[in-house]
Amino acid sequence: MQYGRDYAGARDEYIYALFPCATDDQCYWCNNDQMLLGRVLRDQILNRRAWEFLASLDGNQPSWHHDDRRAIPVFSYPGFTGENHIAYNVGLKRYIMGNYAFYDEHGYPRPYHQNPQPPLGTCISQLTLYEAPEPWGPWRLFWRVDDWGKTNYQPAFPTKWMSADGKEMVMVSSGRNEHYTFTTQRLHLEIAEGIYE
């Protein structure tokens, strides 16, 4: 989760991180089922025992626990959850998350970890973008593209390329038929009246 250079815009003294997972208790680089949320004090990031995980929500009040087996999902999109990145948009006071997944010609998830694997560069990518008031959500979909090209993945929003009012952003991604290109796309957001009231 990004809060700007050197974490300068962080909400508190913690570093927050997302962890993708699937219902088979595994984690994959594409087509997971959900995301878990963890945090750790900045000076303890390499200390595994210092990490704690979102274990419950009472309204909007999070409860944390060191046992990762007690973690609850903060985001769920079965079969269509990527290794997501979150950036805090200061101008909008919203967390922005880009999500990707691969699917087949029938609209079913087509993860690379399935057997047999699909030929490289043949999977269609879906792109979904979400926003939330807190790192734990609730996440609301605001953009969806079902044909985002072939095997595009890892959408992210560098905080350096966000305008002061938050309405201009740049999305960075990779993919394009397994050529590992560095792709940038400029986004202009139009905010519906009263949506943040």
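The values are calculated or read from the model by the stated rules, or taken from the named source; none is laboratory data. These numbers were taken from a predicted model, which means no experiment stands behind them. No Cβ is skipped: glycine too gets one built from the backbone with ideal geometry, and neighbour counts run over all protein chains shown. For accessibility, only protein heavy atoms count, side chains too; no ligands or nucleic acids. Shrake-Rupley method; radii C 1.70, N 1.55, O 1.52, S 1.80 Å.
In terms of accessible area, using a 1.4 Å probe and ignoring ligands and nucleic acids, 29, 51 rank largest first as 29, 51. Summarising the label geometry, the points placed 7 Å from Cα in the beta-carbon direction at residue 44 and residue 68 lie 1.6 nm from one another.
Compute the distance from the alpha-carbon center of the stretch 73-94 to that of the stretch 1-61, in whole Å. After rounding, the separation between the Cα centres reads 11 Å. The Cα trace of the stretch 1-132 gives Rg and Dmax of 16.2, 47 Å, the first to one decimal, the second as a whole number.
Would you kindly state how much longer the chain becomes between residue 134 and residue 57 on full extension, computed as 0.36 nm times their sequence separation minus their alpha carbon distance, in nm to one decimal? Walk me through the intermediate numbers first.
Details: separation 77, 0.36 × 77 = 27.72 nm, distance 1.19 nm.
Once the chain is fully extended between residue 134 and residue 57, it gains 26.5 nm.
Overall, the chain carries a charge dipole of about 400 debye about its Cα centre when +1 sits on the Cβ of Lys and Arg and -1 on the Cβ of Asp and Glu, all other atoms neutral.
Contact order, relative form, for the chain: 16 percent (alpha carbon pairs under 8 Å, 6 or more residues apart, mean separation divided by residue count).
Between residue 90 and residue 192, what is 0.36 nm times their sequence separation minus the Cα-Cα distance? Round to one decimal in nm. Write down the numbers at each step before the final one.
Values: separation 102, 0.36 × 102 = 36.72 nm, distance 1.76 nm.
Computed gain between residue 90 and residue 192 is 35.0 nm.
Projecting each Cα onto the charge dipole of the chain (Lys/Arg +1, Asp/Glu -1 at the beta carbon, about the Cα centre), which of 130, 40, 22 comes out farthest on the positive side? Working it through, the farthest residue towards the positive pole turns out to be 40.
Dipole of the chain computed with +1 at Lys/Arg Cβ and -1 at Asp/Glu Cβ about the Cα centre; of 82, 3, 65, farthest Cα towards the positive end is 3. Label separation (residue 167 vs residue 144): 2.6 nm, computed from points 7 Å beyond Cα along the C-beta direction. Between residue 108 and residue 10, the simple spin-label model (points 7 angstrom out along Cα→Cβ) gives 4.4 nm.
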